[in-house]
1. Does LEU145 qualify as being under 20 Å from ALA170 (Cα atoms) and assigned to a strand (DSSP E or B)?
2. Of all residues in segment 34-78, which are touching a Pro at 6+ places or on another chain (Cβ under 9 Å) and crowded, with 18+ Cβ neighbours inside 10 Å?
3. Can you pull out the residues in segment 11-33 that are more than 17 Å from ALA49 (Cβ to Cβ) and surrounded by 14 or more Cβ atoms within 10 Å (Cβ to Cβ)?
4. I'm checking my understanding of the structure. Among residues of segment 79-111 that are of a type in the set (D, E, K, R) and part of a loop (DSSP other than H, G, I, E, B), which one is surrounded by the fewest Cβ atoms within 10 Å (Cβ to Cβ)?
5. Which of the residues that make up segment 51-64 are free of Cβ contacts under 8 Å to residues at least 12 places away in the same chain and either more than 27 Å from LEU117 (Cα to Cα) or part of a loop (DSSP other than H, G, I, E, B) (or both)?
6. Cβ-Cβ under 6 Å, sequence separation 6+ or interchain: first residue in segment 156-167 and buried (at least 16 other Cβ atoms within 10 Å of the Cβ), partner at pLDDT 95 or above and among the basic types (Lys, Arg). Which pairs?
7. So ASN29 fits all but one of (1) over 16 Å from ARG95 (Cβ atoms); (2) at pLDDT below 95; what number is the exception?
Amino acid sequence: MSRATRSDSGDSLRLLREADLEQVLAWRNTPEVRAVMYTSREIDWAEHAAWFERLQRDRSRCTCVFMADGEPMGVVNFTHIDTMIGEAHWGFYVRPGAPKGIGIRLGRVALAHAFELLKLNRLIGEVLASNEASLRFHRKLGFELEQILGAHHRDGNTAQDVHVFSLARAAWRRDRATDKRAPAFLGETP
């Protein structure tokens, strides 16, 4: 099965390929991306390549490249995919310097991928308390705050809260029906 999604807006998600690794590592290691990740240190090539190798064998993970206007613009990770209960976690980032509005476009296509292609019932996002942009982003996409895990993430000597959000498929469908800007899901890419 192809694990790629396309929408009527021309935006799409496609599986991460080996040819993407160098570019994705460069994005991931920029200070602005590292600052909002659980792992905030720089990642070296060997670690990145090993991660990709593990990804190829792990059916509970799906990492995609977000394409907009024919160019790679971001990365979306679906992890802890549980097909029995229809649940997964997600994480994402847009490439540094991406045009304004790319993040919300990524989010809309990623949600279509989660609920239409992966057939999830619920998507969960964990956000560091210091990542105000992602906190707003999750709310804008219709996610609800489930809980705040106090001092849950440690980075060196610093601990910070983690906000746990979730979005149910039924709520996504309801919100999508009233959102005139939401792209139509066109299905899997060949």
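1. Criteria met by LEU145.
2. If the condition is that a residue be touching a Pro at 6+ places or on another chain (Cβ under 9 Å) and crowded, with 18+ Cβ neighbours inside 10 Å, then VAL65, PHE66, ALA68, MET73 are the ones that fit.
3. The answer is ASP11, SER12, LEU13, ARG14, THR30, VAL33.
4. Per the criteria, the residue is LYS100.
5. Matches in segment 51-64: ASP58 only.
6. SER166/ARG122
7. (1)
Rundown of residues vs (1) within 24 Å of VAL164 (Cβ to Cβ); (2) modelled with pLDDT under 95; (3) among the hydroxyl-bearing types (Ser, Thr, Tyr); (4) under 17 Å from the mean Cα position of the chain (by Cα), yes/no style:
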{"site": "ARG3", "(1), (2), (3), (4)": "no, yes, no, yes"}
{"site": "GLY10", "(1), (2), (3), (4)": "no, yes, no, no"}
{"site": "LEU25", "(1), (2), (3), (4)": "no, yes, no, yes"}
{"site": "LEU55", "(1), (2), (3), (4)": "yes, yes, no, yes"}
{"site": "PRO72", "(1), (2), (3), (4)": "no, no, no, yes"}
{"site": "VAL76", "(1), (2), (3), (4)": "yes, no, no, yes"}
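The values are calculated or read from the model by the stated rules, or taken from the named source; none is laboratory data. Values in this document were obtained by computation on a predicted structure and should not be read as measured data. Quick reminder, even Gly has a Cβ in these numbers, built from the backbone with ideal geometry, and neighbours come from all protein chains shown.
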